[in-house]
Amino acid sequence: MSKVFKKTSGNGHIALYLGKRDFVDHVDSVDVVEGVVKVDSSGLEGRKVYVYLACAFRYGSDDLDVIGLSFRRDIWIKRVQVYPATENPTKTPMLESLLKKVGEQGYPFAFQMPTDLPCSVSLQPGPGDSGKACGVDFEVKAFLANEADNPDEVIDKKDTCRLMIRKIQFAPANNKAGPKAELSKQFMMSDKPVHLEIALEKECYYHGDPITVKVKINNETTKTVKKIKVSVEQLTSVVLYCSDTYTKEVCCQEFAETVNANSTLDKSFQITPLLSNNKEKRGLAVDGRLKDGDTNLASTTLSQGEKEMQGIIISYKVKVNLLVSSGGLLGGLTGSDVTAEVPLTLMSPKPADRADIKLESSD
């Protein structure tokens, strides 16, 4: 089991314990979010302790909430009463270890997230932005309530303790052959086309790995292909009240390859999209982080296909663009080009499980 995370309320009456803060979405199921709340029941006569798990979309800074506006919308929320106990979740090895550590004052809980929730994603702030980044986050919160089952009760901050968690996906274990695309384009004053075929070596690439793009060109025209541009674009679909998609180029490289009239080219090119080369791009999607540590470009969102998902959905595509000159005496660009694109899956590999247990106080 991984290290244990703990957060205590301001008044010391309750403490929240989690065995991990990363929960994996396996597409057809999601890891159960389970933990224990330690309750010091002295002086709590008539009060109850609840735990909730919330998936929320944050689209503004908490500092602005003072004007009476909410900049956080719950996408999904579930709440359970842990003290006095009303449920008895199945004692998994994780819960058994936590209960052993906490002792007789420990009250277990478990949440099963649905499969249609987005993963944890943050939108990169601009250089001058402050406060928490916009994006999708997950929070486990334990709190003391005075009223009976009133979700609208205003809870004093000293009566709460919370831990942020992440919902993440890892690359599939079996990597498939990469996608292909081909097209032909004819230009004015030319009776034959330029044929372009592109392909990726494999379907899924890991963050930080070079991406190999195979390019085949058959130039049957009288024009000349002067340059080949290979790029990767990130598509961020924000699905909330409506659906908007934002496209940002995260990697672009030009190759001075010439394909003369009635000639061919068969060559592979490598590009590597990295967050470190895109630090100034406001609104770029990155994988959610629990603290201000390093992260990477947001991972592709894997889906079952038919299910509707709210929040932020990430995808990528590789584009190959041929810059074609007129090939005549003027030698200038025609103003037209040839472009093909294929989808790209960009993710992290599943790490080896850790077996250590360590008590750690976390923010």
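The values are calculated or read from the model by the stated rules, or taken from the named source; none is laboratory data. Since we're looking at a predicted model, the values are computed, not measured. All Cβ positions, glycine included, derive from the backbone under ideal geometry; neighbour counts span all protein chains shown.
Could you please let me know if Gly12 is touching a His at 6+ places or on another chain (Cβ under 8 Å) and free of Cβ contacts under 8 Å to residues at least 40 places away in the same chain? The answer is no for Gly12. When segment 156-174 is filtered for residues that are assigned to a loop (DSSP other than H, G, I, E, B) and surrounded by 14 or more Cβ atoms within 10 Å (Cβ to Cβ), the ones remaining, listed by number, are Gln169, Phe170, Ala171, Pro172. In summary, Thr221 fulfils each of the numbered conditions (1) under 32 Å from the mean Cα position of the chain (by Cα); (2) in a loop (DSSP other than H, G, I, E, B); (3) hydroxyl-bearing (Ser, Thr, Tyr) with the single exception of condition (1).
Name the residue that is surrounded by the most Cβ atoms within 10 Å (Cβ to Cβ), counting only residues in segment 281-311 that are among the polar types (S, T, N, Q) and at pLDDT below 85. If you could, list the steps in order and put the result at the bottom.
Within segment 281-311, the first condition is being among the polar types (S, T, N, Q), and the residues that meet it are 295-296, 299-301, 303-304, 310.
Next cut, at pLDDT below 85 only: 295, 303-304, 310.
On the way: Thr295: 15, Ser303: 17, Gln304: 10, Gln310: 19.
Ranking the qualifying residues of segment 281-311, first place goes to Gln310.
Counting the residues of segment 179-206 that are of a type in the set (Gly, Ala, Ser), surrounded by 15 or more Cβ atoms within 10 Å (Cβ to Cβ) and either touching a strand residue (DSSP E or B) at 6+ places or on another chain (Cβ under 9 Å) or in a strand (DSSP E or B) (or both) gives 2.
Name the single residue, out of those in segment 102-120 being more than 25 Å from Ala85 (Cβ to Cβ) and hydroxyl-bearing (Ser, Thr, Tyr), that is surrounded by the fewest Cβ atoms within 10 Å (Cβ to Cβ). It would help to see each step written out before you state the result.
Restricting attention to segment 102-120, the residues satisfying the condition of being more than 25 Å from Ala85 (Cβ to Cβ) are 115-120.
Now restrict to residues that are hydroxyl-bearing (Ser, Thr, Tyr): 115, 120.
Values: Thr115: 15, Ser120: 27.
Ranking the candidates gives Thr115 first.
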